[in-house]
Amino acid sequence: TTGSNNFPVTPNAFDTSFNGGSNVTLATDLTFPNGSDVFVAKFSDNGSQLLASTFIGGSGNDGVNTATQLRKNYADDNRGEILVDENSDVYVVTSTLSSDFPTTTGAYHTSSYPGQNACVFKFNHDLSQLSWSTYFGGDYQDAGYSMMLAADHSVYFCGGTTSDDLPVTVGAYQSAFAGIVDGYVAHLAANGSQMLACTYLGKTGYDQSYLIKGDKHDYPHIFGQTDASGNAWIHNAVYHTAGAGQFLIKLNPALTADVWSTAFGSGNAGPDISPTALLVDYCNNIYMSGWGSSALNGFGGTSGLPITSDAFQSLTDGNDYYFICLSDDASALVYGSFFG
């Protein structure tokens, strides 16, 4: 995200001009007096040369999440993700407040929904052409946080929503909005033209889907936050903590059923950490990291999170990074450590 009208762009870029927006100060105290755009930049392999760089945005603020109910953690204002395929084509998911964000003919949804929307788009390798671009959302507030590419180049993405009318598909794992804030997962065709599947992920209170990654068979794993109590998120998982504030769920590729789901954390009936990273390895071990601090987030912290006997750091002051690894199918805690 940039508020600079002189951000370095390259001559044949898709958009060489800053599109601006309105004056906004985020919860992180970052101020964009002239509004904000998304930028995408590509460097040479040794970092010495800017190979391509472009703006993308509309007349509103882009690349920011200003929806109050969706900003649970410090710095949720600036979430989004970028991925690159084997052809060096570039995929991005983020959020927009522009009613005229650039979309492409034939894309899934070319006009904005009310309020804040998620947006998903693809550039060619040198950022000169927008291959496809689409809005995603409903009648209220929506944010796009993370994405994964399937083997066929279709795109799964996730985020948070207060909309009760997302375009869920027939047979979806969760067809109805359940709480104050819900997570969601959506699956777009490789050319961005069709919503292949879409489901809510949420219980009766607060839930958001922050990170999504696939295993070698393109089964999406989603790492999020919840304030659900008891065993609401626990299904077919040996390792779990009742009332824990972080959930992890494995869905089938069609988003019609879960394989298993679990919750982990201190068990203090609310989120402990802000989800930061997620990885599923070839053997289906699941790696997650996050950070916690009640001083910044206003809740939780790293105190009381599960660690293992081989932890790199076994003590925390409550304001640290946290790393956890679960074995295949959430059957056991492999590793847990603080870092800070």
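The values are calculated or read from the model by the stated rules, or taken from the named source; none is laboratory data. Small disclaimer: the values here were computed from a predicted structure and weren't measured. So basically every Cβ, Gly included, is an ideal-geometry build from the backbone, and we count neighbours across all protein chains shown. Heavy atoms of the whole protein, side chains included, go into the accessibility calculation; ligands, DNA and RNA do not. Shrake-Rupley method; radii C 1.70, N 1.55, O 1.52, S 1.80 Å.
If the requirement is being more than 24 Å from ALA75 (Cβ to Cβ) and part of a strand (DSSP E or B), which of these qualifies: THR276, THR256, THR241, THR262? Even if it seems obvious, please write down each step before you answer.
Details: THR276 fails: more than 24 Å from ALA75 (Cβ to Cβ); THR256 fails: part of a strand (DSSP E or B); THR241 fails: part of a strand (DSSP E or B).
That would be THR262, the only listed residue that is more than 24 Å from ALA75 (Cβ to Cβ) and part of a strand (DSSP E or B).
Please go through region 303-340 and give me each residue that is over 16 Å from CYS283 (Cβ atoms), assigned to a loop (DSSP other than H, G, I, E, B) and not polar (S, T, N, Q), ordered by number.
GLY304, LEU305, PRO306, ILE307, ASP310, ALA311, PHE312, LEU315, ASP317, GLY318, ASP320, GLY340
Scan region 180-204 for residues that are open to solvent by 10 Å² or more (accessible area, probe 1.4 Å) and either among the aliphatic types (A, V, I, L, M) or within 16 Å of VAL170 (Cβ to Cβ) (or both) and jot them down. Talk me through it step by step, then tell me what you get.
Residues of region 180-204 that are open to solvent by 10 Å² or more (accessible area, probe 1.4 Å), as a first pass: 180, 187, 189-191, 193-196, 203-204.
Hits for region 180-204 are ILE180, HIS187, ALA189, ALA190, GLN194, MET195, LEU196.
May I ask you to verify whether PRO8 is exposed (fewer than 13 other Cβ atoms within 10 Å of the Cβ), touching a residue at least 40 places away in the same chain (Cβ under 8 Å) and either among the aliphatic types (A, V, I, L, M) or not in a strand (DSSP E or B) (or both)? Write out each step before concluding.
Numbers: exposed (fewer than 13 other Cβ atoms within 10 Å of the Cβ): yes; touching a residue at least 40 places away in the same chain (Cβ under 8 Å): yes; either among the aliphatic types (A, V, I, L, M) or not in a strand (DSSP E or B) (or both): yes.
Spelling it out, PRO8 is indeed exposed (fewer than 13 other Cβ atoms within 10 Å of the Cβ), touching a residue at least 40 places away in the same chain (Cβ under 8 Å) and either among the aliphatic types (A, V, I, L, M) or not in a strand (DSSP E or B) (or both).
Enumerate the pairs (first residue in region 33-44 and of a type in the set (S, T, N, Q); second residue anywhere and part of a strand (DSSP E or B)) with beta-carbon separation below 9 Å, excluding pairs fewer than 6 apart on the same chain, so at least 6 apart or on different chains.
SER36/THR2; SER36/VAL24; SER36/ASP62; SER44/LEU50; SER44/LEU51
Every residue in region 62-74 that is of a type in the set (Gly, Ala, Ser) and crowded, with 24+ Cβ neighbours inside 10 Å, please. Please lay out each step first, then the result.
Our first condition is that a residue be of a type in the set (Gly, Ala, Ser); within region 62-74, this holds for 63, 67.
Within region 62-74, GLY63 is the sole residue that qualifies.
Do we have any residue at all in region 285-299 that's more than 20 Å from the chain's Cα centre (by Cα), of a type in the set (Phe, Trp, Tyr) and under 28 Å from ASP77 (Cα atoms)?
yes
Looking at ALA242, ALA269, ALA277, ALA257 in this structure, which one is modelled with pLDDT of 95 or more, surrounded by fewer than 24 Cβ atoms within 10 Å (Cβ to Cβ) and over 25 Å from MET148 (Cα atoms)? Walk me through it before giving the result.
Values: ALA269 fails: modelled with pLDDT of 95 or more; ALA277 fails: over 25 Å from MET148 (Cα atoms); ALA257 fails: over 25 Å from MET148 (Cα atoms).
None of the other options fit; the residue is ALA242.
In this structure, does TYR282 turn out to be within 17 Å of ILE212 (Cα to Cα) and part of a loop (DSSP other than H, G, I, E, B)?
Numbers: within 17 Å of ILE212 (Cα to Cα): yes; part of a loop (DSSP other than H, G, I, E, B): yes.
In short, yes.
Any residue in region 75-96 that is in a loop (DSSP other than H, G, I, E, B), in contact with a helix residue (DSSP H, G or I) (Cβ under 6 Å, 6 or more places away or on another chain) and open to solvent by less than 40 Å² (accessible area, probe 1.4 Å)?
Start the filter on region 75-96 by keeping residues that are in a loop (DSSP other than H, G, I, E, B), which leaves 75, 79-80, 85-89.
Filter again for in contact with a helix residue (DSSP H, G or I) (Cβ under 6 Å, 6 or more places away or on another chain), leaving none.
No - not one qualifying residue is present in region 75-96.
Let me confirm something: among THR169, THR103, THR162, THR110, which residue is in contact with a helix residue (DSSP H, G or I) (Cβ under 6 Å, 6 or more places away or on another chain), open to solvent by 10 Å² or more (accessible area, probe 1.4 Å), modelled with pLDDT of 95 or more and not aliphatic (A, V, I, L, M)?
Working: THR169 fails: in contact with a helix residue (DSSP H, G or I) (Cβ under 6 Å, 6 or more places away or on another chain); THR103 fails: in contact with a helix residue (DSSP H, G or I) (Cβ under 6 Å, 6 or more places away or on another chain); THR110 fails: in contact with a helix residue (DSSP H, G or I) (Cβ under 6 Å, 6 or more places away or on another chain).
Among THR169, THR103, THR162, THR110, only THR162 is in contact with a helix residue (DSSP H, G or I) (Cβ under 6 Å, 6 or more places away or on another chain), open to solvent by 10 Å² or more (accessible area, probe 1.4 Å), modelled with pLDDT of 95 or more and not aliphatic (A, V, I, L, M).
Suppose we keep only residues that are over 22 Å from the mean Cα position of the chain (by Cα) and buried (at least 18 other Cβ atoms within 10 Å of the Cβ) within region 25-52. Which one would you say is nearest to THR96 (Cα to Cα)?
Let us first name the residues in region 25-52 that are over 22 Å from the mean Cα position of the chain (by Cα), namely 31-35, 43-52.
Still in the list and also buried (at least 18 other Cβ atoms within 10 Å of the Cβ): 32, 35, 52.
Numbers: PHE32: 14, GLY35: 12, ALA52: 23 Å.
The residue in question is GLY35.
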